[in-house]
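Undergrad: After the structure tokens below, expect a handful of questions from me.
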Amino acid sequence: MRVRRLGWAGLEIEALGERLVIDYVRDLSPLFTGWKPGESLAVPGEKVAVALVTHLHRDHADASALADVLMPGAPVLRPAPGHGDDVDNVTTLPAERELIEYRLAVEVVDTWSTREVGPFRITAVPAVDGLGDPQLNWVVQADGQRVFHGGDTMFHGYWWLVARRFSPFDAVFLPANGAVVDAPHLRPPSPLPAAMDPRQAAAAAEILDARYAVPMHYEAEQPDKIAGYVEVVDPENEFRAHAGRRAQVLPVGEWLDLTESELYATPVR
């Protein structure tokens with residue numbers, strides 16, 4: 001198995017000649033006020049057999065992008081819709097509408113459920129969303145390797161349950177920007193991070209017994225976020241400091257080959 005970072009929280013995983021994507025997006029303008037299309041995002045090299053979506057915030061679910069890379073009829077695995085009214089679900093409704101518009105083969109999956117697609121064994125595991133929306137994290141197994149994708153989850157108590165069932169992991173990809181979110185529909189606002197900060201991500205990597213811990217869900221090259229979205233100053237280097245020997249920074253567009261002792265990624269410094 002090898003894994004390629006596609007930018008923000010996007011991943012491409014290849015095993016035995018087949019590919020899947022997780023949280024693949026091509027347009028981050030809903031989050032970045034000065035978004036420059038084509039920069040800081042990579043495109044899958046071939047058509048993919050399955051897409052996984054951790055949650056339906058627009059920076060993690062892009063139906064247009066998925067429609068362009070999925071094989072005909074390929075499934076899109078996702079969490080359940082949000083509860084409550086349109087105000088409760090304001091951050092997920094745009095992606096919900098796009099999934100319908102593009103007529104993707106969407107499947108709602110439950111926590112701890114498993115799907116087999118080609119060489120991939122895919123399990124949805126618990127996550128906690130910083131805005132209260134439904135979120136899953138994903139465990140992908142293939143070709144003797146095991147990878148974890150953490151969406152933009154907060155730190156939570158399910159890590160030990162996931163570890164008991166699946167650890168050790170060859171690689172874990174974890175949000176590390178510690179974003180504090182001041183959303184108009186959430187009042188009063190919280191001063192606490194809505195996604196893991198570097199120290200929390202490093203702690204999760206240790207619990208999951210990761211061979212390689214890769215930070216994601218940060219973007220140094222396009223710093224202008226929407227108002228009310230504030231990240232830690234230097235998530236990459238702060239993660240290195242906390243994760244130690246596990247830390248493996250993977251530049252956007254580069255592969256991490258889990259079958260090789262020498263990796264294509266940037267070496268740990």
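Undergrad: Look at segment 170-223 and say how many of its residues are in a strand (DSSP E or B), without any contact (Cβ under 8 Å) to a residue 60 or more places away in the chain, crowded, with 23+ Cβ neighbours inside 10 Å and not aliphatic (A, V, I, L, M).
TA: Total satisfying the criteria: 2.
Undergrad: Next question. Considering only segment 118-131, how many residues are within 17 Å of the chain's Cα centre (by Cα) and of a type outside the set (A, V, I, L, M, F, W, C)?
TA: Counting residues in segment 118-131 that are within 17 Å of the chain's Cα centre (by Cα) and of a type outside the set (A, V, I, L, M, F, W, C) gives 4.
Undergrad: Hey, another quick one. Within 18 Å of Leu136 (Cα to Cα), touching a Gly at 6+ places or on another chain (Cβ under 7 Å) and at pLDDT 95 or above: is that true of Met216 in this structure?
TA: Details: within 18 Å of Leu136 (Cα to Cα): yes; touching a Gly at 6+ places or on another chain (Cβ under 7 Å): no; at pLDDT 95 or above: yes.
For Met216, the condition - within 18 Å of Leu136 (Cα to Cα), touching a Gly at 6+ places or on another chain (Cβ under 7 Å) and at pLDDT 95 or above - is not met.
Undergrad: Oh, and also: Restricting to segment 202-241, name every residue that is touching a helix residue (DSSP H, G or I) at 6+ places or on another chain (Cβ under 6 Å) and over 23 Å from Pro168 (Cα atoms).
TA: Filtering segment 202-241 for residues touching a helix residue (DSSP H, G or I) at 6+ places or on another chain (Cβ under 6 Å) gives 202, 204-205, 207-208, 210, 213, 215, 218, 235, 238-239.
Matches in segment 202-241: Tyr218, Pro235, Glu238.
Undergrad: Output the residue which, of all residues in segment 1-56 that are surrounded by fewer than 21 Cβ atoms within 10 Å (Cβ to Cβ) and among the acidic types (Asp, Glu), is farthest from Val109 (Cα to Cα).
TA: Glu39
Undergrad: Next question. When segment 184-229 is examined, which residues are found to be more than 15 Å from Val147 (Cα to Cα) and of a type in the set (Ser, Thr, Tyr)?
TA: Ser190, Tyr218, Tyr229
Undergrad: A further question follows. Scan segment 45-56 residue by residue and report those that are under 19 Å from Pro119 (Cα atoms), in a loop (DSSP other than H, G, I, E, B) and modelled with pLDDT of 95 or more.
TA: Step one: of segment 45-56, the residues under 19 Å from Pro119 (Cα atoms) are 45-53.
Of the ones still in play, those that are also in a loop (DSSP other than H, G, I, E, B) are 45-47, 49, 53.
Listed by number, the residues that qualify are Lys47, Ala49, Val53.
Undergrad: Further question on the same structure: From the list Glu18, Glu46, Glu98, exactly one residue is touching a Ser or Thr at 6+ places or on another chain (Cβ under 8 Å) and either farther than 18 Å from Pro134 by Cβ or not aromatic (Phe, Trp, Tyr) (or both). Which is it?
TA: Step by step, each of Glu18, Glu46, Glu98 is checked, and only Glu98 is touching a Ser or Thr at 6+ places or on another chain (Cβ under 8 Å) and either farther than 18 Å from Pro134 by Cβ or not aromatic (Phe, Trp, Tyr) (or both).
Undergrad: Criterion first (outside any loop (DSSP other than H, G, I, E, B), closer than 20 Å to Glu254 by Cα and either hydrophobic (A, V, I, L, M, F, W, C) or under 18 Å from the mean Cα position of the chain (by Cα) (or both)) does Ala42 satisfy it? Spell out how you get there, then give the answer.
TA: Details: outside any loop (DSSP other than H, G, I, E, B): no; closer than 20 Å to Glu254 by Cα: yes; either hydrophobic (A, V, I, L, M, F, W, C) or under 18 Å from the mean Cα position of the chain (by Cα) (or both): yes.
So Ala42 does not fit the description; no.
The values are calculated or read from the model by the stated rules, or taken from the named source; none is laboratory data. Since the structure is predicted, the reported quantities are computational estimates derived from the model, not experimental observations. With ideal geometry, Cβ positions are generated from the backbone for all residues, glycine too; neighbour counts draw on all protein chains shown.
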